[in-house]
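Below you'll find the structure, written out as structure tokens, and then a few comments.
The values are calculated or read from the model by the stated rules, or taken from the named source; none is laboratory data. Since the structure is predicted, the reported quantities are computational estimates derived from the model, not experimental observations. For neighbour counting, all protein chains shown are included, and Cβ atoms are generated from backbone atoms with ideal geometry for every residue, glycine included.
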Amino acid sequence: MILGGIIKKKFLLYIISLSFILIGFQNCGPSFESYSNSELSSQLDQNDNSPPVDDPEQETNDPPEDPINEPPEEDKPIVDEEVDPPQPNPTKNCAFEGVPINNKAISNKVFGAVPRINGKLPAEIPIGVPFDGPVPGTEYIRISSEKGNGVHYYSTSQAWNSDMTRVMIGDGSVDDNRLLDATNNFVLLPRRVSLTSDRVWSNVDPGIIYGISGGTSIYKFNIKTGERVAIYTRPNGRRISFMGKPAIPGDDSRMVFSALDENKLVSIDLSSTAIPRPVLGELPWGNYEGSITQFGLFINFDHSGKWVQVRPKGANSPLYRMTAELKNVEKLGNMCCHSDSAYNTEGQSVIAETVWQSRLRIWNIDLKTQYRTPHVIDSSKGNIGLFPSYVSGRGQKYCGKSWVLMSGEEGAGNPNYPLILYKVDGNTTTPTFKAIGGDLHSGAAKPNQSSNAGKQKATMSPDGQAVMFDSDGGVPGGELSSYILRIKK
């Protein structure tokens with residue numbers, strides 16, 4: 001009895017104590033639902049004296065999430081996230097309006113005279129000083145000279161890096177390319193790029209260039225540190241070549257090149273970190289038309305990374321497509337002239353080719369079809385007499401997508417020859433051609449005018465808002481300079 005009474009009293013005391021504890025918990029602070037976001041933040045700040053983790057000015061003792069794989073801050077690449085497929089950027093001004101080329105009323109006389117700026121020819125304007133272009137909202141700027149820092153290499157070679165902050169100048173077999181600051185009137189930077197003209201900017205890291213040196217090795221060059229790392233060397237010192245074409249896709253996952261001494265194509269895994277980079281495939285060329293041995297092959301990797309496009313050097317040479325691993329080889333037809341990879345308005349991979357300087361032929365690589373534009377630029381067909389030779393589809397993003405650039409005559413003659421844009425939309429009835437400016441050339445032939453070195457060979461910037469070309473600046477027989485025609489900022 002006594003023991004039972006004691007147990008009852010203790011149990012009652014326990015219940016009373018528990019009740020007080022529960023009441024205390026209910027009153028020790030307000031519920032979260034009673035705060036607004038700002039009040040909650042204020043309350044948390046009062047109750048927590050530790051620094052907020054998202055404040056870059058504060059330090060914490062917490063280790064990084066992945067201390068092994070996290071690279072040092074200075075070594076992190078600046079990644080361009082829009083690589084495949086390129087998407088239009090609505091915030092950019094795509095106002096290369098141009099002068100429509102659709103009838104004889106628009107003639108090349110519109111650009112026939114090389115303009116003078118305050119009495120000076122373009123060649124006499126100091127490097128780095130912009131001057132107005134013929135189309136409202138555009139301007140030219142001379143960025144480099146033949147006897148100074150060198151000139152632009154070729155129409156299919158991208159001069160700009162992926163974020164448009166640097167330009168690479170250089171033309172030749174010497175391991176010496178120069179870098180210009182595209183954010184500061186293209187002033188010369190001290191860093192030299194010790195690669196030949198067989199080089200290409202990374203499409204995802206604006207600080208990386210891939211290229212050849214010594215004729216047998218592929219290097220990865222860091223423009224910030226100057227470090228040059230051999231990532232692949234052909235066995236037994238055998239020669240390799242890109243033939244001046246961009247041999248990597250938009251995501252930098254692969255690279256294809258010619259093994260000259262072996263008459264082969266070779267594909268390597270560029271995304272790997274292994275030294276040497278693993279070989280994904282080798283394709284002996286003996287079963288196909290043309291020869292690799294003397295010159296190599298013209299190799300294009302379309303920006304999507306789906307197709308490798310290959311053709312031997314020479315007129316009326318076959319065009320082949322194949323996968324990135326050099327499999328499923330198919331002949332699409334024969335090509336005659338200058339060409340480059342691009343996209344059409346449907347997002348399909350195409351090659352744009354100037355067909356004997358009178359019109360364009362568009363090869364649809366995805367569908368294995370082709371069409372030719374009307375002779376809207378051929379005087380023999382009742383239209384204006386323009387005969388562009390070079391073509392560039394390097395504008396793979398934003399404003400440049402689905403446009404190709406044509407420039408340069410096969411011979412000398414017409415001064416201030418138009419730079420022409422064509423919209424790759426499949427319209428063969430009323431195609432869109434427009435002249436965006438002139439090439440400032442005097443029209444006189446240089447001794448090397450019959451070679452690529454003496455011609456305009458314009459290329460489009462990655463974002464489609466600028467073009468680069470070479471010109472004598474209106475001085476007959478004068479020194480070549482590289483110029484940029486761009487949309488005013």
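Quick check, is residue 281 more than 20 Å from the chain's Cα centre (by Cα), assigned by TED's automatic domain parsing to the domain that holds residue 199, farther than 20 Å from residue 363 by Cα and in a helix (DSSP H, G or I)?
Here the answer is no, as residue 281 does not meet what is asked.
Condition first: surrounded by 22 or more Cβ atoms within 10 Å (Cβ to Cβ), farther than 20 Å from residue 429 by Cα and polar (S, T, N, Q). Now tell me which residues in segment 318-360 satisfy that.
Once the filter is applied, which keeps residues that are surrounded by 22 or more Cβ atoms within 10 Å (Cβ to Cβ), farther than 20 Å from residue 429 by Cα and polar (S, T, N, Q), segment 318-360 yields 339, 341, 349.
Residues in segment 226-247 that are buried (at least 23 other Cβ atoms within 10 Å of the Cβ) and either of a type in the set (A, V, I, L, M, F, W, C) or outside the structural domain of residue 200 (by TED's automatic domain parsing) (or both): how many?
3
For the condition in contact with a helix residue (DSSP H, G or I) (Cβ under 8 Å, 6 or more places away or on another chain) and either at pLDDT 95 or above or at positive phi (or both), what is the one hit in 263, 236?
Result: 263 is the single residue among 263, 236 that is in contact with a helix residue (DSSP H, G or I) (Cβ under 8 Å, 6 or more places away or on another chain) and either at pLDDT 95 or above or at positive phi (or both).
Which one is surrounded by the most Cβ atoms within 10 Å (Cβ to Cβ) among residues in segment 248-259 that are out of contact with any Phe, Trp or Tyr (no Cβ under 8 Å at 6 or more places or on another chain) and over 26 Å from residue 189 (Cβ atoms)?
259
When you scan segment 435-442, do you find a residue that is modelled with pLDDT under 85 and within 25 Å of the chain's Cα centre (by Cα), even just one?
Yes; the residues of segment 435-442 include at least one that is modelled with pLDDT under 85 and within 25 Å of the chain's Cα centre (by Cα).
What number of residues in segment 311-327 are in contact with a strand residue (DSSP E or B) (Cβ under 6 Å, 6 or more places away or on another chain) and either in a loop (DSSP other than H, G, I, E, B) or closer than 20 Å to residue 372 by Cα (or both)?
10
Checking residue 176 against (1) in contact (Cβ under 8 Å) with a residue 40 or more places away in the chain; (2) surrounded by fewer than 20 Cβ atoms within 10 Å (Cβ to Cβ), which test does it fail?
Answer for residue 176: the failing condition is (1).
Modelled with pLDDT of 90 or more and either among the hydrophobic types (A, V, I, L, M, F, W, C) or under 19 Å from residue 251 (Cβ atoms) (or both): which single residue out of 386, 360, 319, 297 fits that description?
319
Could you check, for segment 180-190, whether at least one of its residues is exposed (fewer than 15 other Cβ atoms within 10 Å of the Cβ) and farther than 25 Å from residue 461 by Cα?
No.
Residues being among the aliphatic types (A, V, I, L, M), outside any strand (DSSP E or B) and under 17 Å from residue 176 (Cβ atoms): count how many of those fall in segment 194-245.
Final tally of qualifying residues: 2.
For residue 287, work out the one condition from (1) more than 20 Å from residue 355 (Cβ to Cβ); (2) buried (at least 16 other Cβ atoms within 10 Å of the Cβ) it doesn't fulfil.
(2)
Filter segment 127-179 down to residues that are under 23 Å from residue 197 (Cβ atoms) and of a type in the set (Phe, Trp, Tyr), then give me how many there are.
Of the residues in segment 127-179, 3 are under 23 Å from residue 197 (Cβ atoms) and of a type in the set (Phe, Trp, Tyr).
If residue 268 meets every condition in (1) assigned to a loop (DSSP other than H, G, I, E, B); (2) out of contact with any helix residue (DSSP H, G or I) (no Cβ under 9 Å at 6 or more places or on another chain) apart from one, which number is that one?
(1)
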